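Student: Here it is, the structure in full.
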Amino acid sequence: MSDNQEASDAEDTTPSESATLPLRPHSDRPTCNKTGVCSRSYFVVVMVFFHVYIINVIALLFYVHYNSGQEDTSQGRDAPSSNQQQPESPRPPSKPEFLRVSSLTRIEGIRVGHVQKVSLMQNKVHEMRTLSMKPLLFEIPGFLSDDECRVVMQLAQLKGLMESQLMVQEGQEELAKELNLSPDEIFNLLDINQDGQLQLHEILTHSRVRDGIWLTPENLREIYTGLKADKDGDGLLSLEEFRLLSNDAFQRFLLQRGVKKSQLVRNSRHTWLYQGKGAHQVLQDIKTKVTRLTRLPPSLVDLSEPLQVVRYEQGGHYHAHHDSGPVYPETACTHTRLAANTSTPFETSCRYITVLFYLNSVEGGGETAFPVADNRTYDEVSLIQNDVDLLDTRRNCDKSNLRVKPSKGTAVFWYNYLSDGKGWVGEQDEYALHGGCMVTQGTKWVANKWINIDPDYQRQARYQQLVSQQPEDDDEDLTLNQDTQSSDIHQDL
Ligand code: OGA
Ligand code: CA
Ligand code: CA
Ligand code: FE2
């Protein structure tokens with residue numbers, strides 16, 4: 001409280017009022033003077049502060065009480081989603097467990113290098129080491145046995161693997177046409193720093209999202225020359241130069257010249273293995289271990305995408321990417337879109353967690369790179385600077401902040417989203433950017449288990465309710481049905 005305030009407080013009390021106050025005890029009080037601390041208004045202010053303080057303490061005690069019981073799922077906490085209403089009826093105790101879960105356990109990293117023991121199966125304790133805090137990333141050696149690795153690779157081969165990325169991605173042009181943007185508008189969108197010129201990195205960032213062909217700065221210069229796009233030869237595209245190019249000029253040029261697999265964002269083959277009832281015991285065991293590792297409700301893991309098994313041949317790679325996109329209010333999740341009331345313009349896979357298993361030890365290369373792990377700051381623009389593109393896992397893995405060497409049976413897992421602070425899924429974690437470095441010798445086998453959770457709590461709950469209602473009388477059939485369902489809706493990236 002400033003001196004001025006104190007003075008004005010004292011002046012609020014007129015001498016006559018103080019004189020008529022009947023309840024003021026005289027005995028053990030210091031003598032009051034006009035500017036003293038025992039004036040009535042001062043007393044009121046102190047009492048107000050005192051009450052506020054007491055209320056705060058009580059609120060804090062409540063907060064601590066409810067937060068310490070994270071795994072006590074029977075606590076009827078408020079749904080942690082944004083501003084949507086609560087379900088109208090109270091949650092009945094006989095319903096499946098997901099309806100009573102409104103808070104997700106998030107494993108604590110403590111610090112890089114911290115090792116914690118985890119119990120994933122009977123008679124064995126695994127060690128889990130924190131590899132980075134941003135993203136929250138862990139490594140668990142020996143998560144899979146040699147036999148489990150072998151079975152997963154064999155099952156994948158039996159099922160057959162398909163190209164992870166087709167040479168040309170149809171549909172992207174459609175989207176551009178649908179949006180109906182003028183060249184000037186596109187230029188403006190691309191010109192990140194708004195200097196009226198397109199620098200190389202401004203084009204590179206964009207082209208990746210658009211057509212899946214990975215451009216290097218050299219490629220781009222080659223295209224400029226081929227198309228005579230950079231008339232004044234300053235290495236930049238001005239609006240005038242840009243206007244002379246057709247919408248798909250770059251792509252047409254590349255396709256004419258031929259695109260090699262090594263020029264795609266991803267160069268691998270993959271397949272999906274279902275893990276529900278009836279699946280090979282090894283696949284079910286892996287799912288159980290993942291549930292224990294992540295300490296998430298089993299129903300959430302059951303309803304997630306099947307296991308993705310990936311094989312990279314020598315020369316294979318996967319440039320740096322996010323496994324799941326950002327979520328805006330209008331963004332829907334692929335897995336819950338059945339339960340969404342409205343159709344939305346954006347959709348992402350809402351992969352809260354990635355568990356990545358190394359099924360073999362790779363002879364050369366093939367590390368998983370996290371270019372910005374534990375960076376002090378994240379700046380999208382500085383990822384591509386001059387001729388160094390940190391997202392390029394064929395060239396610049398050595399410049400990544402963190403690289404994990406594939407080792408047979410090891411699992412790494414990380415959170416692609418932050419917490420919303422209330423125990424549910426929050427914003428995308430930009431630091432979770434990662435990629436597969438080029439395999440320089442031999443082949444590389446990995447598997448991905450993604451755990452899909454909708455950041456919109458109500459939507460996730462509605463979706464689970466919908467699925468659980470399908471086999472009315474038999475809960476045991478749940479996983480089987482869920483898998484059939486997720487096979488229809490999973491996004492095949
Ligand atoms: C993926 C992925 C990394 C790797 O499949 O999404 O990022 O090391 N893989 O293969
Ligand atoms: Ca610019
Ligand atoms: Ca120019
Ligand atoms: Fe990935």
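Student: With θ set to phi - 60° and the Karplus curve 6.51 cos²θ - 1.76 cosθ + 1.60, what are the ³J(HN,Hα) couplings of the range 375-389 in order, to the nearest whole Hz, using x for Gly and Pro?
Tutor: Coupling constants for the range 375-389: 4, 5, 10, 10, 9, 4, 5, 6, 5, 10, 10, 6, 9, 9, 10 Hz.
Student: Express in nm, to one decimal, how much length is gained between Thr377 and Gln154 on full extension, taking 0.36 nm for each residue of separation and deducting their alpha carbon distance. Mind dumping the intermediate values first?
Tutor: Details: separation 223, 0.36 × 223 = 80.28 nm, distance 4.23 nm.
Here the segment from Thr377 to Gln154 would lengthen by 76.1 nm.
Student: Apply the Karplus curve 6.51 cos²θ - 1.76 cosθ + 1.60, θ = phi - 60°, to the phi angles in the range 143-159 and return the couplings in whole Hz, x for Gly and Pro.
Tutor: For the range 143-159, the Karplus-derived couplings read 4, 10, 7, 4, 4, 4, 4, 4, 4, 4, 5, 5, 4, 5, 5, 4, 6 Hz, x marking Gly and Pro.
Student: OK, next. Show me the ranking of peptides 223-232, 369-378 by mean Cβ neighbours inside 10 Å, starting with the highest.
Tutor: Ranking the peptides 223-232, 369-378 by packing returns 369-378, 223-232.
Student: Which residues' amide hydrogens lie under 5 Å from the amide hydrogen of Ser132, considering only partners 5 or more residues apart or on another chain, with H built in the peptide plane?
Tutor: Placed amide hydrogens put Leu137 under 5 Å from Ser132.
Student: Would you mind calculating the relative contact order of the range 200-320 from Cα pairs under 8 angstrom and at least 6 residues apart, reporting the percent as a whole number?
Tutor: Working: 98 pairs, mean separation 30.3, N = 121.
Once divided by the residue count of the range 200-320, the mean separation gives 25 percent.
Student: In the range 288-374, with Lys and Arg counted as +1 and Asp and Glu as -1 at Cβ, which of these residues, Thr342, Val309, Gly325, has the Cα nearest the positive end of the dipole, that is, farthest along it?
Tutor: Towards the positive end, the residue furthest out is Thr342.
Student: From the phi of every residue in the range 414-423, what ³J(HN,Hα) in whole Hz does the Karplus formula 6.51 cos²θ - 1.76 cosθ + 1.60 yield, where θ is phi - 60° and glycine or proline is x?
Tutor: My calculation for the range 414-423 gives 8, 9, 7, 10, 7, 7, 8, x, 10, x Hz in order.
Student: Additional query: Take peptides 428-434, 417-423 and line them up by average Cβ neighbours within 10 Å, highest first, as a rough protection proxy.
Tutor: Sorting 428-434, 417-423 by mean packing, highest first, produces 428-434, 417-423.
Student: Compute the length gained on full extension between Gln284 and Gln441: take 0.36 nm times their separation in residues and subtract their Cα-Cα distance, giving the result in nm to one decimal.
Tutor: 53.3 nm
Student: Could I ask something else about it? Sequence-distant or interchain residues sharing an amide H contact under 5 Å with Gly426, placed H: which?
Tutor: For Gly426, whose amide H was placed from the backbone, the distant partners under 5 Å are Leu418, Ser419, Asp420.
Student: Turning to a different aspect of this structure: Lysines near Lys117 by alpha-carbon distance under 18 Å, same-chain residues fewer than 8 away left out - which ones?
Tutor: Lys289
Student: Quick one: if you stick a label point 7 Å off each Cα along the C-beta vector at Ser119 and Lys260, how many nm between them?
Tutor: 5.3 nm
Student: Amide H neighbours of Leu120 under 5 Å, at least 5 residues apart or on other chains, H built in the peptide plane: list them.
Tutor: His126
Student: Provide the gained length on full extension for the span Thr225 to Glu163, in nm with one decimal, where the gain is 0.36 nm per separating residue minus the Cα-Cα distance.
Tutor: In short, 19.1 nm is gained.
Student: What is the sum of charges around Val388, taking Lys and Arg as +1, Asp and Glu as -1, for the other residues whose C-beta is under 12 Å from the C-beta of Val388?
Tutor: Working: positive: Arg395, Lys399; negative: Asp387, Asp389, Asp392, Asp398.
Charge balance near Val388 sits at -2.
Student: Return the FRET efficiency for the residue pair Arg129, Gln314: r is the Cβ-Cβ distance, R0 is 25 Å, and the value is rounded to the nearest 0.05.
Tutor: 0.30
Student: Hey, another quick one. What's the FRET efficiency of Ala340 with Asp248 using the Cβ-Cβ distance as r and R₀ = 30 Å, to the nearest 0.05?
Tutor: Working from the Cβ atoms, E equals 0.40.
Student: Got the relative contact order for the range 122-161 handy, in percent, Cα pairs under 8 Å and 6 or more residues apart?
Tutor: Relative contact order for the range 122-161 comes out at 26 percent.
Any read-out appearing in this document is the output of simple, stated calculations on the displayed coordinates, not a laboratory observation. Quick caveat, the model's predicted, so the values are computed rather than measured. We place every Cβ from the backbone using ideal geometry, glycine too, and count neighbours over all the protein chains shown.
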